[in-house]
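Please read the structure below before turning to the comments.
The values are calculated or read from the model by the stated rules, or taken from the named source; none is laboratory data. All values derive from a computational prediction rather than experimental measurement. Quick reminder, even Gly has a Cβ in these numbers, built from the backbone with ideal geometry, and neighbours come from all protein chains shown.
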Amino acid sequence: MPSVITRTCCACGAKLPQAEMRRISTKNGGNPNIDSGRKGAGRGAYLCFDAACVSKALQRKSLERALKLQNPLSNEFKNALRNAQ
């Protein structure tokens, strides 16, 4: 029987199955994107689908830290992340 793959939310620290989380990925510190297939190349960070976790991650800049971004997240990406379900 295969084990369930778990990931940690970069905002709240909850450990959940990978299928229950949203993956944000970036290549070479470039522009981040929402990786809906969870298979994209590059550095990735996981967030719960909870709106409070998204707000917490944006406020604490935990996504920038987890993805090792050199530039802050754009307002366009922040809005896309808030609206993604």
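Just a few scattered comments:
- Every residue from the range 24-67 that is in a helix (DSSP H, G or I) and more than 25 Å from VAL4 (Cβ to Cβ): SER55, LEU58, GLN59, ARG60, GLU64, ARG65
- Checked against the criteria, ARG60 does not count as surrounded by fewer than 18 Cβ atoms within 10 Å (Cβ to Cβ) and within 12 Å of the chain's Cα centre (by Cα).
- Leading residue by the ranking (nearest to LYS15 (Cα to Cα)) among those in the range 31-50 that are of a type in the set (A, V, I, L, M) and at pLDDT 90 or above: LEU47
- Being under 13 Å from the mean Cα position of the chain (by Cα) and not aliphatic (A, V, I, L, M) holds for only one residue in SER3, SER25, and it is SER25.
- Number of the condition not met by GLN70 [criteria: (1) more than 13 Å from the chain's Cα centre (by Cα); (2) in a helix (DSSP H, G or I); (3) of a type in the set (S, T, N, Q)]: (2)
- Some residue of the range 5-23 being surrounded by fewer than 13 Cβ atoms within 10 Å (Cβ to Cβ), without any contact (Cβ under 8 Å) to a residue 40 or more places away in the chain, assigned to a loop (DSSP other than H, G, I, E, B) and among the polar types (S, T, N, Q): no
- Tally, over the range 28-54, of residues that are of a type in the set (S, T, N, Q) and over 12 Å from the mean Cα position of the chain (by Cα): 2
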